[in-house]
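What follows is a structure written as structure tokens; I'll ask about it next.
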Amino acid sequence: MKRKVRERIRCDFDKDRFTFIPPGDIVELTEIVIGGKRRVHWSGCKEGMGFVMVDDSELESGSDPL
């Protein structure tokens, strides 16, 4: 499932590093949820395979399904 971000959403690379997904970007959800954070694929991420962790409730309230 893909979602289009409406509001800036924080995403974590690891426990010490994070950035924000800007409005208008599209993320693709995965089934992996750990501690309330969902793993998503974001094309704006240039690290690793492009996956980041996003708070599931923040993602739900700050984005719309495509």
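The values are calculated or read from the model by the stated rules, or taken from the named source; none is laboratory data. Please read these numbers as outputs of a predicted model, since none were measured by experiment. Every residue, glycine as well, gets a Cβ built from its backbone with ideal geometry; the counts of neighbours run over all protein chains shown. Side chains included, ligands, DNA and RNA excluded: accessible areas come from the protein's heavy atoms. Shrake-Rupley method; radii C 1.70, N 1.55, O 1.52, S 1.80 Å.
Suppose we filter region 1-30 for residues that are exposed (fewer than 12 other Cβ atoms within 10 Å of the Cβ) and modelled with pLDDT under 95; how many remain?
Here the count works out to 5.
Of a type in the set (A, V, I, L, M), open to solvent by 40 Å² or more (accessible area, probe 1.4 Å) and touching a residue at least 60 places away in the same chain (Cβ under 8 Å): is that true of MET49 in this structure? Reasoning before the result, please.
Working: of a type in the set (A, V, I, L, M): yes; open to solvent by 40 Å² or more (accessible area, probe 1.4 Å): yes; touching a residue at least 60 places away in the same chain (Cβ under 8 Å): no.
Judged against the criteria, MET49 is not a match.
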